[in-house]
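The values are calculated or read from the model by the stated rules, or taken from the named source; none is laboratory data. Predicted model only: the values in this text are computed from it and were never measured. Counting neighbours? That spans all protein chains shown, and the Cβs are built from the backbone with ideal geometry, glycine included.
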Amino acid sequence: MKSLTLLKISSALISASFVGAVSVHGQETDATIKAYAAGYKAAFTCSATFNAGKTLSQIKDHELTGIYPLVADEVNALPNAKIDQVNKRVSVKYSDTMPPRIAQWREHLGCVQLPVGATTESAVKHLPVIDVIAPERNDSAPWKALNPTNTSSGNAKLDAVVKAAFKGETFNTNYGENAFTTAVLIATPDQIITEQYIAGYTHKTSQRTWSVAKSIAATVIGAAVEQNMINVKAPAPIPEWQSAGDPRGNITLENLLQMGSGLDSNRAGNRTDRLYIGGGRVQDTSSRTAVEATPGTRWKYANNDTLLAVRALRGAMNNDQKFLEFPFKSVLHKIGMMDTKLETDWGGDFILSSQVWTTSRDMARLGILYLNNGVWNGERILPENWTEYVSAPAPAQPLNENTPGYGAQFWLYNERFPELPNDAFAARGNRGQHIMIIPSKNLVIVRRGYDPAKPGGFQLHTFTKDVLDALEK
């Protein structure tokens with residue numbers, strides 16, 4: 001059985017130590033790392049509190065553990081976050097001379113970090129907001145008969161497989177020695193077959209999706225393609241790339257969706273600290289790198305490729321308010337993803353490479369949209385061929401054959417994992433966030449977790465095989 005490797009933290013981050021006033025992690029100064037750590041604590045506390053309604057104990061045990069080494073020690077050493085329930089704001093003090101790091105919640109858009117050095121009074125009033133009226137919610141839709149949560153599926157073999165996905169008092173499941181499962185949901189478009197949560201969690205409990213957000217980004221872009229707003233084959237209309245002679249102006253939206261931009265995105269490709277925890281903006285951090293390989297010829301997993309794909313959509317719309325409202329009006333609210341928050345930077349760009357908070361049921365709804373070939377309640381949301389498009393192998397593929405292949409912001413479980421149906425594809429995120437979509441079985445499998453940032457995380461392909469075997473009996 002092939003082992004599904006997790007995305008690795010750079011060995012430089014794991015083994016590096018501070019040298020004088022400058023860290024060898026990425027040439028960040030000690031002061032910057034402290035600011036990053038405070039941003040991490042403020043952002044996760046804010047999102048977990050106001051997006052998810054989590055308790056302080058849950059935040060401490062789940063959101064503020066499993067942190068990658070660059071800021072882990074600093075986060076733990078910081079004072080407790082200050083939570084302003086009235087203004088839905090969180091601040092974390094990290095310096096005697098600088099303002100605290102601040103994260104501010106907004107309806108639909110979740111929490112946004114203010115830039116380092118910003119004060120509440122000067123920055124909050126300029127943050128992007130939207131006023132979208134969501135339709136009446138139905139927590140059970142689209143499932144005709146909603147099974148109660150945490151009960152038997154009626155299939156003893158399947159119940160045993162799902163139980164084995166959860167840990168006991170210590171880390172250790174049948175599907176990864178360091179896996180920590182919080183939720184499993186298995187559904188067809190007509191019913192939830194089984195839905196299980198850890199104690200204290202329900203179908204209303206939200207978690208960060210991490211890179212499952214990338215698949216949400218592809219879905220939003222697919223809706224824009226269906227509405228003739230943008231063309232994946234055309235050069236991506238990134239505002240910062242429009243100067244005459246800029247070779248980046250030739251990078252297509254498809255190159256970005258397929259992780260084939262050819263852009264320099266640092267050695268790992270997934271280190272976007274200044275944006276994620278440093279209060280940066282997409283336009284400052286993601287659009288400034290140069291081409292280092294011919295677009296379309298090299299696969300390299302890069303957060304910036306996703307961020308730029310969504311920024312291209314903003315450029316194509318040329319209407320910031322319409323851009324901010326579009327995902328909710330054209331996708332999320334249409335398919336019942338009412339508990340999904342798409343977080344932005346303070347400049348109004350979605351951070352759809354990672355910073356989305358949602359529930360297991362909302363993740364299942366996304367998968368079902370793909371099972372339905374982009375149609376929901378008779379309305380076409382995505383182009384007719386969009387499921388086929390995102391699940392078709394990109395021209396350039398991951399070199400490690402022990403990992404899944406790649407399509408357009410989705411991972412492909414085709415010939416690399418012959419124990420699974422050839423059409424299986426998945427959205428995958430850090431700490432074990434997964435949506436497995438299998439059109440030939442009309443099935444979606446959602447798994448949520450808090451796997452630590454080290455090898456031994458959840459083995460999705462093995463779990464999927466066991467689920468399919470149990471359903472065949």
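Hey, can you tell me all the residues within segment 285-305 that are modelled with pLDDT of 95 or more and assigned to a helix (DSSP H, G or I)? Selection gives Asn303, Asn304, Asp305. For segment 73-126, the set of residues classified as within 17 Å of Gly280 (Cα to Cα) and polar (S, T, N, Q) consists of Ser91, Gln104, Gln113, Thr119, Thr120, Ser122, listed by residue number. Evaluation of Lys125 against the conditions (1) part of a helix (DSSP H, G or I); (2) surrounded by 12 or more Cβ atoms within 10 Å (Cβ to Cβ) shows that the sole unmet condition is (2).
Taking segment 145-168 as the range and being within 28 Å of the chain's Cα centre (by Cα) and surrounded by fewer than 15 Cβ atoms within 10 Å (Cβ to Cβ) as the test, the residues that pass are Pro148, Asn150, Lys163, Ala164, Gly168. A residue that is outside any helix (DSSP H, G or I) and touching a helix residue (DSSP H, G or I) at 6+ places or on another chain (Cβ under 7 Å) can be found somewhere in segment 317-335. The residue of segment 336-364 that is surrounded by the fewest Cβ atoms within 10 Å (Cβ to Cβ), among those that are part of a loop (DSSP other than H, G, I, E, B) and among the charged types (D, E, K, R), is Asp339. Residue check: is Glu226 among the acidic types (Asp, Glu), in contact with a Pro (Cβ under 8 Å, 6 or more places away or on another chain) and within 23 Å of Leu371 (Cα to Cα)? So Glu226 fits the description; yes.
Residue-by-condition table, conditions (1) under 14 Å from the mean Cα position of the chain (by Cα); (2) among the polar types (S, T, N, Q):
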residue: Ala316; (1), (2): no, no
residue: Phe350; (1), (2): yes, no
residue: Ile368; (1), (2): no, no
residue: Glu384; (1), (2): no, no
residue: Asn402; (1), (2): no, yes
residue: Gly405; (1), (2): no, no
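Those strands (runs of 3 or more DSSP E) of segment 366-473 in which 3 or more residues are of a type in the set (Lys, Arg) are absent.
List the residue pairs whose Cβ atoms are under 7 Å apart, where the first residue sits in segment 246-271 and is free of Cβ contacts under 8 Å to residues at least 24 places away in the same chain and outside the structural domain of Gln27 (by TED's automatic domain parsing), the second is among the polar types (S, T, N, Q) and surrounded by fewer than 23 Cβ atoms within 10 Å (Cβ to Cβ), and the two are 6 or more positions apart or on different chains. Listed by first residue and then by second, the contacts come to Gly249/Gln242.
For first residues located in segment 385-403 and under 17 Å from Ser440 (Cβ atoms), partners that are surrounded by fewer than 18 Cβ atoms within 10 Å (Cβ to Cβ) and at pLDDT 95 or above and lie 6+ apart or on another chain with Cβ distances below 6 Å form the pairs Thr387/Asn373.
Among residues of segment 182-197 that are surrounded by fewer than 21 Cβ atoms within 10 Å (Cβ to Cβ), those with a Cβ under 6 angstrom from a residue that is part of a strand (DSSP E or B) and small (Gly, Ala, Ser), sequence gap 6+ or separate chain, pair up as Gln191/Ala145; Tyr197/Ala183.
Out of the residues in segment 239-266 that are in a loop (DSSP other than H, G, I, E, B) and in contact with a Ser or Thr (Cβ under 6 Å, 6 or more places away or on another chain), state the one that is modelled with the lowest pLDDT. Result: Asp264.
Taking the conditions (1) assigned to a helix (DSSP H, G or I); (2) within 13 Å of Ala38 (Cβ to Cβ) in turn, Pro99 satisfies each one other than (1). Inspect all residues belonging to segment 431-438 and state whether any of them is out of contact with any Pro (no Cβ under 7 Å at 6 or more places or on another chain) and farther than 23 Å from Asp159 by Cα. Within segment 431-438 (the criterion being out of contact with any Pro (no Cβ under 7 Å at 6 or more places or on another chain) and farther than 23 Å from Asp159 by Cα), the answer is yes, since at least one residue qualifies. Report, ordered by the first and then the second residue, all pairs with beta carbons closer than 8 Å, sequence separation of six or more or different chains, a first member in segment 309-331 that is in the same structural domain as Ala213 (by TED's automatic domain parsing), and a second member that is acidic (Asp, Glu) and in a helix (DSSP H, G or I). The qualifying pairs are Arg314/Asp320. Would you check which residues across segment 285-307 are among the hydrophobic types (A, V, I, L, M, F, W, C) and under 14 Å from the mean Cα position of the chain (by Cα) and list them? Hits for segment 285-307 are Ala302, Leu307. When segment 442-465 is filtered for residues that are surrounded by fewer than 20 Cβ atoms within 10 Å (Cβ to Cβ) and either under 20 Å from Leu369 (Cβ atoms) or among the charged types (D, E, K, R) (or both), the ones remaining, listed by number, are Asn442, Lys454, Lys465. With respect to the conditions (1) assigned to a loop (DSSP other than H, G, I, E, B); (2) touching a residue at least 60 places away in the same chain (Cβ under 8 Å); (3) aromatic (Phe, Trp, Tyr), Tyr40 falls short on a single one, namely (1). Among the residues of segment 51-71, those that are in a helix (DSSP H, G or I) and of a type in the set (A, V, I, L, M, F, W, C) comprise Leu56, Ile59, Leu70, Val71. Condition check for Glu121 on (1) acidic (Asp, Glu); (2) under 19 Å from Ser206 (Cβ atoms); (3) outside the structural domain of Met363 (by TED's automatic domain parsing): one failure, at (2).
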